[in-house]
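**Q** After the structure tokens below, expect a handful of questions from me.
Throughout, read-outs are computed from the coordinates displayed, never taken from laboratory work. Predicted model, so just to flag it, every value in this text is computed and none were measured. Cβ placement follows ideal geometry from the backbone for every residue including glycine, while neighbour counts extend to all protein chains displayed.
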Amino acid sequence: MLNQTKLKSFPIHDLFSFIKYPLVTEKAVTLYENRQYTFIVDRSLRKEQIQYIIEEIFQVKIEKVNTVLLPVKTRRVGKFRGNKTCYKKAYVQLKKGEVISALLN
């Protein structure tokens with residue numbers, strides 16, 4: 001488990017490994033109007049750590065972070081069954097006047 005002081009010692013390019021990718025769905029795009037952005041993040045991160053990483057990478061101020069731990073889904077290919085990996089979704093709301101312009105391009 002990473003604590004806040006260990007995260008601060010990471011170089012900026014290593015912080016990118018904790019953010020898997022930004023989620024671009026119809027719901028996520030409509031939330032852009034409310035200054036909310038959605039990311040798929042590492043399962044072990046806490047809200048404070050997600051806030052620190054997003055603030056460092058995109059140079060923005062964050063108002064609040066909500067997280068959802070999505071359930072494991074069972075997949076089947078022919079006669080074989082397997083599980084799709086579980087992941088964490090983070091909804092990040094920015095303070096007024098802030099915007100992540102890298103996601104809008």
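**Q** Roughly how many nanometres apart are two label points built 7 Å out from the Cα toward the Cβ at SER101 and LYS84?
**A** 3.5 nm
**Q** Just from its helices, what would the mean residue ellipticity at 222 nm be for the chain, if runs of 4 or more DSSP H residues each count -39500 (n - 2.57) and the sum is divided by every residue, rounded to the nearest 500 deg cm²/dmol?
**A** Theoretical 222 nm ellipticity from helices: -6500 deg cm²/dmol.
**Q** Sort TYR21, TYR37, TYR87, TYR52 by Cβ crowding within 10 Å, fewest neighbours at the top.
**A** Lowest to highest Cβ neighbour count: TYR21, TYR87, TYR52, TYR37.
**Q** Another question about this same structure. Which of PHE16, ASN83, LEU31 sits farthest toward the positive end of the charge dipole of the chain, with +1 on the Cβ of Lys and Arg and -1 on the Cβ of Asp and Glu?
**A** ASN83
**Q** Another question, if that's okay. At a Förster distance of 35 Å, what's the computed FRET efficiency of ARG76 paired with THR25, Cβ-Cβ distance as r, to 0.05?
**A** FRET efficiency, ARG76 to THR25: 0.90.
**Q** I've got another one for you. Lysines within cross-link reach of LYS47: Cα-Cα under 28 Å, excluding same-chain residues under 8 positions apart?
**A** Excluding near neighbours in sequence, the set is LYS6, LYS8, LYS20, LYS27, LYS61, LYS64, LYS73, LYS84, LYS88, LYS89, LYS95, LYS96.
**Q** Take the Cα pairs of the chain, get the Kirkwood Rh, then feed it into Stokes-Einstein at 20 °C and 1.002 mPa s and tell me D in µm²/s.
**A** Estimated via Stokes-Einstein, D reaches 143 µm²/s.
**Q** Remind me, relative contact order of the stretch 4-96 in percent, using alpha carbon pairs under 8 angstrom and six or more residues apart?
**A** Rounded, it is 30 percent for the stretch 4-96.
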